[in-house]
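Asks: Sharing a structure below in structure tokens format, with a few things to ask.
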Amino acid sequence: FFFERGMSEQRQINDKELDDLKEQLDRMRGDKDRLRLINTAADSFMWSCAQVKSLVGVQHYGDAQRMTAINLHPKLIDPENFEEVIACYKFEEDRTDIRDALGL
């Protein structure tokens, strides 16, 4: 495998893994459990902004949606596209909270 300098030996999550993760999230009821799973996935893989957007869409409520973007941001392969993730939030308050939490 080829790794860019400065990146750990993690690879980007693939489509099947992402679909499996979304299926698991779909079956979970509690936000705490959902965030725990997101955090585990965040530790395990690198992410594109499009993949993060698709996970945000699976989350039920504001806190879990916001924390999904915040927790996955450090693992982005394309952080220059993060505004696309922020734009998928319906409320300006959510967008502001995410930017503030990440110092953007």
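The values are calculated or read from the model by the stated rules, or taken from the named source; none is laboratory data. Given the structure is predicted, the values throughout are model-derived calculations rather than measurements. Don't worry about glycine lacking a Cβ; one is built from the backbone with ideal geometry, like all the others, and counts go over all protein chains shown. Note: areas computed on protein heavy atoms with side chains; ligands, DNA, RNA excluded. Shrake-Rupley method; radii C 1.70, N 1.55, O 1.52, S 1.80 Å.
Asks: Within the set of pairs 6+ apart or on separate chains, which have a first residue in segment 65-85 that is touching a residue at least 60 places away in the same chain (Cβ under 8 Å) and under 10 Å from Trp47 (Cβ atoms), a second that is surrounded by fewer than 20 Cβ atoms within 10 Å (Cβ to Cβ) and among the aromatic types (Phe, Trp, Tyr), and C-beta atoms under 9 Å apart?
Replies: So the pair list comes out as Lys75/Phe45.
Asks: Then there's this: Give segment 4-19 a look and list any residue that's at pLDDT 90 or above and open to solvent by less than 70 Å² (accessible area, probe 1.4 Å), or say none.
Replies: Ile13, Asn14, Glu17, Leu18
Asks: OK, next. Within segment 44-62, track down each residue that is over 11 Å from the mean Cα position of the chain (by Cα) and part of a helix (DSSP H, G or I). Don't jump to the end; show me each part of the working.
Replies: Initially, segment 44-62 is screened for residues over 11 Å from the mean Cα position of the chain (by Cα), giving 44, 60-62.
Correct list: Ser44, Gly62.
Asks: Open to solvent by 20 Å² or more (accessible area, probe 1.4 Å), in a helix (DSSP H, G or I) and under 18 Å from Leu35 (Cβ atoms) - does that describe any residue in segment 75-82? Reasoning before the result, please.
Replies: Going residue by residue through segment 75-82, those that are open to solvent by 20 Å² or more (accessible area, probe 1.4 Å) are 75, 77-81.
In the following step, the residues that additionally are in a helix (DSSP H, G or I) were identified as 75, 79-81.
Filter again for under 18 Å from Leu35 (Cβ atoms), leaving 75.
Scanning segment 75-82 turns up at least one residue that is open to solvent by 20 Å² or more (accessible area, probe 1.4 Å), in a helix (DSSP H, G or I) and under 18 Å from Leu35 (Cβ atoms).
Asks: Is it the case, given these coordinates, that Ile38 is part of a helix (DSSP H, G or I) and at pLDDT 95 or above? Spell out how you get there, then give the answer.
Replies: Numbers: part of a helix (DSSP H, G or I): yes; at pLDDT 95 or above: no.
The answer is no for Ile38.
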